[in-house]
Amino acid sequence: MFSIIVKLFVTMIIAAALTPFVRKLAFILGAVDKPNARRVNTEAMPTMGGLAIFLAFTFSTFVLLRNQLPTHELYSVFAAECTILLTGMIDDIRELKPRQKMLGILVAALIVYFLGGIRMDNISLPFIGQFELGWLSLPITIIWILAITNAVNLIDGLDGLATGVSIISLFTMGVIGFFYLNVDNVYISIWIFSLVASLIGFLPHNFHPANIFLGDTGSLFIGFMMAVFSLKGLKNVTMISMLIPVIIMGVPITDTIYAILRRILNKKPISQADKHHLHHRLIQLGLSHRQTVLAIYGLALVFAFISLLYPLSSFWGTVLLTIAVLIGLELFVESIGLMGDNRQPMLHAIKNLIKKTGKQLPTKKD
C-alpha cells in the first residue's frame, strides 16, 4: 500500500511537471481558446491541457503500476483512450462539429465494448428480478459512455471547474469501489486513483487564474474514463450499483439533463450552446469566478457524501434517499433559475401552499 501511494504521488508530480511543456506545445499547434460571446476568458488561452493528464496517467499505468493492472484490459482501454485523445486534440486545434466529436466517442466506446469487454451484461431490479440484457447490452453501454463523456465536457466552462469536480467524483468512486463494490478487484480503484493523481498535479495550472485549459482533449478524456470506470461496477447492474455512479457524477449529469430540457422547452437544437449552464447562472447571480467554482465543488462534495450512504442503506432507505435527493435538487435548480425564472413549478407550488395555509389559520381577535 505504501508503495502504491508513493507511485501515485510520483504520478502527481509528473503531471505537474509536464503541464508547462504541453502549454508551449498548445501555442505551437494553435490549440488556443480565443475570447468570444460564450467564453469567460478575456484573453487567448492555450487549451489541450488534457494531454499532460493523459501522459502522466499513461506513464503511471504502464510503468509505475504495471504489476497491479491486467494487461489485456489495459491495452484495450489504452486504444480507446488514444481515440478519444486524438478527437479532443483535433477539436482543440481545428474545432470539430458535434457529430464528428460524437463519432470519435462512439469509436472509442466500441473499442472498449468489443476489445476490453467492458459492458453492462445483465440487470437486477426490485420486484422484477434479474435478466440478461442480450443485444441491448451494446446500445445501453454505448449510450452510457456517450452521456457521461458529454456531461463532463459540458461543465468545462470555468478555470478548474471540470478538473476539481472530476477529482471529487473519481476519488469517491475509487473509495466506494475499494470498500464496497470491487473487493476482489482492487486494481480498479488503483486505476482510478492513478487518474485522480494526474488531475491533482494538473489542477494548480488550471485553477483560477488558469494558465492553461483542459480543452476537449482533457474534458472528453476525463469524461470517457469516468464512464469506463463506472461501467466496471455496472457489469451486473442492481438498483444501487446503477444509482451510485449517477449520484457521484451528479453535477455534470444534472447540468446536462437540465440543459437538454431547457433547449427542448425553448425549441432550440439540443447541440446548440448557450450561457445558461450551472456555472453561468451562479455568476449571473453575483458570485465571482472563484466563488462559483468553489460553490460547485461544494455541490459535488454533497453528491459524494450522499453516494457513500447508498451502500449502507436498505432498499427502502435507498428509495427514500433518492426521493429526497431529487426534491432537494429540483428546489436548488429552481432557486438559481437554471430553467428560467418563469419555470419554477415546485417553488410556486410551495408559495401557493403557504398562502393558502396562512389564510386558513385563525386570527387572534382583540
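Some notes on this structure:
- Summary of packing: across the peptides 224-231, 349-356, 102-109, 315-322, the per-residue average of other C-beta atoms within 10 Å ranks them, highest first, as 224-231, 102-109, 315-322, 349-356.
- Entries of Lys34/Lys275; Lys267/Lys351; Lys267/Lys355; Lys7/Lys232; Lys97/Lys275; Lys101/Lys267 with Cα pairs more than 25 Å apart: Lys267/Lys351; Lys267/Lys355
- Within segment 328-342: backbone nitrogen closer than 17 Å to the Ala295 label point (7 Å, Cα to C-beta): 329-341
- Compared with the dominant principal axis of the Cα atoms in the chain, helix 161-176 is inclined by about 90°.
- Diffusion coefficient, µm² s⁻¹, Stokes-Einstein with Kirkwood Rh over alpha-carbon pairs of the chain at 37 °C and 0.692 mPa s: 152
- Degrees separating the helix 239-248 axis from the principal Cα axis of the chain, which is the longest one: 80
- Around the Cα centre of segment 1-146, unit charges on the Cβ atoms of Lys, Arg, Asp and Glu (plus for the first two, minus for the last two) sum to a dipole of about 420 debye.
- The Ile350 and Leu285 beta-carbon pair, evaluated with R₀ = 25 Å, returns a calculated FRET efficiency of approximately 0.80.
- When the chain is described by a simple charge dipole with +1 on each Lys and Arg Cβ and -1 on each Asp and Glu Cβ, the residue from Val63, Ala79, Met1 located farthest towards its positive end is Ala79.
- About its Cα centre, the dipole of segment 2-312 is roughly 620 debye, where the only charges are +1 on Lys and Arg Cβ and -1 on Asp and Glu Cβ.
- Angle in degrees between helix 98-114 and the longest Cα principal axis of the chain, rounded to the nearest 10: 70
- Net length gained if the chain between Tyr180 and Leu86 were fully extended (0.36 nm per residue, minus Cα distance): 30.4 nm
Bear in mind that the values in this text are calculations on the coordinates, not laboratory data. What you are looking at is a predicted structure, and each value in this text was computed from that prediction instead of being measured. Glycine gets a Cβ as well: all are built from the backbone with ideal geometry, and neighbour counts include every protein chain shown.
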